[in-house]
Amino acid sequence: MYTSFNEFGISDKVLIALSEMGFEAPTPIQQAAMPQALKGKDIIGQAQTGTGKTAAFGIPLLEKRPEMKGKYPYAIVLTPTRELAVQVCEELNKLGARTGVYTLPVYGGQSIELQIKSLKRGVDIVVGTPGRLLDHLQRKSLVLKGITSVVIDEADEMLNMGFIEDVKKILGEIPAERQTMLFSATMPKEILNIAKNYMGKPVHVKVDAGEMVAAKIKQVFYEVREEDKVNALTRLMDVEGPALTLVFCHTKKEVDEVSGKLQQMGYPAGAIHGDFTQNHRNEMMRKFKNGDIDVLVATDVAARGLDIPDVSHVINFSIPQYPEAYIHRIGRTGRAGKSGIAITLVTPRQYGQLRLIERSAKTRITKEKLPTQAEVKKARENDLAESIGEVITGGRHAAFYQMANALIEKHSAEDVAAAAVYMMLGGEKIEEIEEVRGGGYEGGKKDVTRLFMTVGRKDKIRVEDIVRSIAAEANIPARKVGNISIYDTFSFVEVPADLADRVIHAVNDSIVKGRKVKVSHAKSKR
Ligand code: ADP
Ligand code: MG
């Protein structure tokens, strides 16, 4: 058994890098795969997400560097996404920092000229996506005749229909006398059979075969109706207080919609999918890793391989279509032994799909109840109370004593504190949000008038629609429109008392979302 990196017989240069990276002991897949890989064996390596498969093939690749720097690359790693190519390359550069091995990522969306220049200057290991690699092969800017090792990361995805033709072409350019290594957390039988066509006699190295999902990932689901999903998503985020959340959607359009709504509601959210430019995708990844945005909404482009240490929550806004996709998506959390939470939103019609995932992934996903509005409110208040306590113990508020004293001269301390809390929780916005999210508002302000409108949820009306049409028809600023409660067939809207008649006059009989509406003074305040 190899319980320390020292026992593999690898070079001091890599050992030092490992200790600088804080790797104390090899992970199980590293223990099992590295000795075989170092011997030059063909390998099919399978281990749970986040267990260090990159270093399991990366260290042996670095150790295989030829004595003399060659003209052409000696190793190549294929990845399904651009982001993963960049990440694998970064890990190889860290592991190989002292070895002089130069690793280059080669992927679409980045200037091909720059890549050609780098390739000309001489690259030892190329990490790339199939499309761009083929492009270079055609231009002859990439030559694979010096390759002695090939790694196919996320191999089951790469040998799947979408990629197999390109991968075949690339493998065809590589000398048959080579080491071939395939890695993934999932390896369906059909794919395994295909894989064997491209390898000699592979050693199948499989870790933790019983459990495909890391034990430290807590898996739950919530039953929600399609139309309540965004609401459920925000409630969960409010109550769970995640560090970083990765939200997976089914389509690009859904990614746009969900990220747009989250931004509207004030959540620092970003989005990535295949239609964005590579610059945008890189920028989003950077912001997400730095915590400049807390929520990243993505399609399955972000499902494979990405290693972002602080992702505490993965939320399947839409249930994944395949069990493998589920395993990879939720595997973006709970990495390198950390814990994580995986949440799946399931509509009543999707129970079958959920059970199928549970069966194939050999896992249990337990049902939980959505937090109520009151719980959300409580969670926010607790959060704030905790932060206030921390500020006080940290003494970071000292600069504001003067202002506090001035306020206390005019008002009671209790009033000052309560008002500050009100503002910190979003001020007028909290009331609006509570209304929108279904309740709690007591009403009773003097200077506003409550109006009754004959459109409601059944008309697919949204708060924005009402605000927009009132602002436009009555020609008043949108911020003057106050709390809105939408019921099934009607809604209540609060407007400043002095503008009420103007709004009624302008909006009554106008068309909102294709429906003629009646507007009148609300009969009574509940
Ligand atoms: P996988 O490919 O299996 O999903 P990665 O190779 O992306 O996992 O590794 C997951 C994380 O664990 C990375 O941040 C990596 O740097 C870290 N890691 C890998 N090996 C070790 C180790 N032996 N000790 C500590 N951390 C490790
Ligand atoms: Mg990986």
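The values are calculated or read from the model by the stated rules, or taken from the named source; none is laboratory data. All of these numbers come straight from a predicted model, not from anything done at the bench. FYI the Cβ positions are ideal-geometry reconstructions off the backbone, even for glycines, and counts take in every protein chain you see.
For region 367-390, enumerate the residues that are farther than 25 Å from ASN231 by Cβ and surrounded by 13 or more Cβ atoms within 10 Å (Cβ to Cβ). Residue satisfying the conditions is ILE388 alone. Here the condition is being within 16 Å of ligand 2 (Cβ to nearest atom), more than 14 Å from THR333 (Cβ to Cβ) and among the hydrophobic types (A, V, I, L, M, F, W, C); of VAL258, VAL297, VAL311, VAL301, it holds for VAL301 alone. Selection over region 195-210 of residues that are away from ligand 2 (no atom under 16 Å from the Cβ) and either free of Cβ contacts under 8 Å to residues at least 24 places away in the same chain or in a loop (DSSP other than H, G, I, E, B) (or both) gives a count of 9.
Okay, residues lined up against (1) under 22 Å from TYR351 (Cβ atoms); (2) within 16 Å of ligand 1 (Cβ to nearest atom):
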| site | (1), (2) |
| --- | --- |
| SER259 | no, no |
| PRO268 | no, no |
| MET284 | no, no |
| LYS289 | no, yes |
| VAL297 | no, no |
| ASP310 | no, yes |
| SER318 | yes, no |
| GLN321 | yes, no |
| ALA325 | yes, yes |
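So, in region 63-102, how many residues would count as being within 15 Å of ligand 1 (Cβ to nearest atom), more than 13 Å from LEU133 (Cα to Cα) and of a type in the set (Val, Ile, Thr)? Final tally of qualifying residues: 2.
Here is a yes/no grid of residues against (1) outside any helix (DSSP H, G or I); (2) within 16 Å of ligand 2 (Cβ to nearest atom); (3) surrounded by 18 or more Cβ atoms within 10 Å (Cβ to Cβ):
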{"site": "CYS89", "(1), (2), (3)": "no, yes, yes"}
{"site": "LYS94", "(1), (2), (3)": "no, yes, no"}
{"site": "GLU157", "(1), (2), (3)": "no, yes, yes"}
{"site": "GLY162", "(1), (2), (3)": "no, no, no"}
{"site": "ASP166", "(1), (2), (3)": "no, no, no"}
{"site": "LEU171", "(1), (2), (3)": "no, no, yes"}
{"site": "LEU182", "(1), (2), (3)": "yes, yes, yes"}
{"site": "THR186", "(1), (2), (3)": "yes, yes, yes"}
{"site": "ASN193", "(1), (2), (3)": "no, no, no"}
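Only strands (runs of 3 or more DSSP E) whose full extent lies in region 395-509 are considered here, and the ones with at least 3 residues that are modelled with pLDDT of 85 or more are 448-453, 491-496.
In a residue-by-residue description of region 61-69, the property of being within 30 Å of the chain's Cα centre (by Cα) and either within 18 Å of SER149 (Cα to Cα) or of a type in the set (A, V, I, L, M) (or both) applies to at least one position. Those helices (runs of 4 or more DSSP H) of region 218-332 in which 1 or more residues are of a type outside the set (A, V, I, L, M, F, W, C) and free of Cβ contacts under 8 Å to residues at least 12 places away in the same chain occupy 252-264, 278-290.
Every residue, every condition in (1) touching a His at 6+ places or on another chain (Cβ under 7 Å); (2) in contact (Cβ under 8 Å) with a residue 40 or more places away in the chain; (3) of a type outside the set (D, E, K, R), yes or no:
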residue: ASP459; (1), (2), (3): no, yes, no
residue: ILE470; (1), (2), (3): no, no, yes
residue: ASN475; (1), (2), (3): no, no, yes
residue: SER485; (1), (2), (3): no, yes, yes
residue: VAL493; (1), (2), (3): no, yes, yes
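Entry remark, region 346-399: residues being under 17 Å from GLU240 (Cβ atoms) and in contact (Cβ under 8 Å) with a residue 60 or more places away in the chain number 15 in total. When ALA215 is tested against the conditions (1) outside any loop (DSSP other than H, G, I, E, B); (2) out of contact with any strand residue (DSSP E or B) (no Cβ under 6 Å at 6 or more places or on another chain), the lone failure is (1).
Might you let me know whether region 200-211 holds any residue that is under 17 Å from LEU78 (Cβ atoms) and over 22 Å from the mean Cα position of the chain (by Cα)? Yes, region 200-211 contains at least one residue that is under 17 Å from LEU78 (Cβ atoms) and over 22 Å from the mean Cα position of the chain (by Cα).
Here's the yes/no breakdown for (1) crowded, with 24+ Cβ neighbours inside 10 Å; (2) part of a helix (DSSP H, G or I); (3) within 15 Å of ligand 2 (Cβ to nearest atom):
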| position | (1), (2), (3) |
| --- | --- |
| SER19 | no, yes, no |
| ALA33 | yes, yes, yes |
| ILE59 | yes, yes, yes |
| PRO66 | no, no, no |
